[in-house]
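Here is the structure we will look at.
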Amino acid sequence: MRKNKIKISIDEFKKLYFDQQLTTCQIAEKLGCGHTTVSNFMKRNNIQGRPRHPQAKICPHNIYKKDCKKCKIIYAREYRIKHQKEINRKCKNCHKNFMTKDGRIKYCSKKCREELYSRLDREYMRRRRKDPNYKMREKEWRQNNPEKMRKYQKKCYQKHREQRLFENKKWCQNHQKQRRIHRRKYYERHKKEIIDRLRRTQLTTTINGENVNYYYVKKRPYPKDGKCELCKIHKPNAYHHWRIEKEIIYGLWICGKGIIANACHAICEMIDKIGAINLEQLFQKVINKYRELLKSPKDKTYSHLLILHNKKWIRVKTRPKPKSCELGELCIEKLGYYKNKNNELKWHHPDDNRPDEGVWTCWACHYLLLHKIDWLGEKIINHAQKIGIKYADLRAIIHPFQTYE
């Protein structure tokens, strides 16, 4: 069936509706169409309706009629409220007296009404939460509807965000001792979880001699066997990375700290900057210079130094302390691998029975190179070759989210 259309102009329709004040039903009867067609015509042409009579809000008629029963009820109610005498009543919330014409009103204002309802709701919820059956139902509902819980939490946080922040700051300022105690207890309880989270999401590196921290990043998972991914001997203390893409960091878990460790971290960083071939030459030069310094004759000038020997402090005569590392150009700090903020030099002596024979070195050369040379000797060159080959192979294949076995 084809829909009926109004065959009339907009100006003619406005004369009927506004000037003659005919209703939409009367216009529909005059034009021979339905009520909906007239309303759709008004919507299409953006014609706003006339303001209705204030007494006909509930009545279906557009105009007040005395014959209609609903209109009589509305008129009678409004007439009674207007001409009725004022009554003295007591508010249920604040218990104050107030004057009203309507006998059904029980509150002096909207605020009192809302406060009383909110208080009753709180009391009801307190009683309800004490019920054990209610607790079981609530837990089951939360487990079965996690998406709804997230929505409710977001809405609640947005509503009371400023109030919570203000209250938390106030409490923290007044209870600093309690905060320290809570932190210690929390760390003792969740020590493993905290360490795992920091391993997964945090990284510290040195850029131009300064420590830089990266938070909330994605790293390679920590090895399950708890051993270095290159030497497979010691515990991995460092995460060596070679590329950063937004949040993803490409790297390996390798050993780096400690006197007995194989210094895989230092070797990998040297390979990245120099290359595997030049690294062998560098180690050979360091070994030769280190032996020359140990065999060098003693000067007449000397300085006294306190050293721990067999759990006792001993005064030893050493060469005068220089301004920089005695390895010179071969120093790791000068090459840019490590940097000590204090720039303190250490007296490195290979033999504990002869503490006079030693070398003044920086922190990096003392721990990462000379201790390894004393322990391994020239074998350190072969060790660096093996690590370099394995490191190159893994770097070409590995992905940050894969585990290495």
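The values are calculated or read from the model by the stated rules, or taken from the named source; none is laboratory data. Since the structure is predicted, the reported quantities are computational estimates derived from the model, not experimental observations. Quick reminder, even Gly has a Cβ in these numbers, built from the backbone with ideal geometry, and neighbours come from all protein chains shown.
Within the stretch 333-343, can one find any residue that is under 21 Å from Thr205 (Cα atoms), touching a Phe, Trp or Tyr at 6+ places or on another chain (Cβ under 8 Å), of a type in the set (A, V, I, L, M) and modelled with pLDDT under 75? So far as the stretch 333-343 goes, no, none of its residues is under 21 Å from Thr205 (Cα atoms), touching a Phe, Trp or Tyr at 6+ places or on another chain (Cβ under 8 Å), of a type in the set (A, V, I, L, M) and modelled with pLDDT under 75. Residue count for the stretch 188-206 satisfying the condition of being within 18 Å of the chain's Cα centre (by Cα) and among the acidic types (Asp, Glu): 2. Taking the listed residues Leu282, Leu293, the one that is crowded, with 16+ Cβ neighbours inside 10 Å, in contact with a strand residue (DSSP E or B) (Cβ under 7 Å, 6 or more places away or on another chain) and modelled with pLDDT of 75 or more is Leu293, with no other qualifying.
Pairing each residue of the stretch 155-174 that is surrounded by 11 or more Cβ atoms within 10 Å (Cβ to Cβ) with any residue that is not hydroxyl-bearing (Ser, Thr, Tyr), provided the two are 6+ apart or on different chains, yields C-beta distances under 7 Å for Cys172/Arg179. Out of the residues in the stretch 9-30 that are outside any helix (DSSP H, G or I) and of a type in the set (Ser, Thr, Tyr), which is surrounded by the fewest Cβ atoms within 10 Å (Cβ to Cβ)? Here the residue is Ser9. Pairing residues of the stretch 89-105 that are within 21 Å of Arg119 (Cβ to Cβ) with residues that are of a type in the set (Val, Ile, Thr), at Cβ distances under 9 Å and at least 6 apart in sequence or on separate chains, gives Arg89/Thr100; Arg89/Ile105; Phe98/Ile105. Residues in the stretch 212-238 that are assigned to a strand (DSSP E or B) and charged (D, E, K, R): Lys218 alone.
Looking across the stretch 296-319, the residues that are modelled with pLDDT under 75 and assigned to a loop (DSSP other than H, G, I, E, B) come down to Ser296, Pro297, Lys298, Asp299, Lys300, Thr301, Tyr302, Asn310, Lys311. Is it the case that some residue within the stretch 207-219 is aromatic (Phe, Trp, Tyr), loosely packed, with under 12 Cβ neighbours inside 10 Å and either under 15 Å from the mean Cα position of the chain (by Cα) or in the same structural domain as Ile249 (by TED's automatic domain parsing) (or both)? Yes, the conditions are met somewhere in the stretch 207-219. Among the criteria (1) surrounded by 14 or more Cβ atoms within 10 Å (Cβ to Cβ); (2) within 25 Å of Ala384 (Cβ to Cβ), the one Ile233 does not fulfil is (1).
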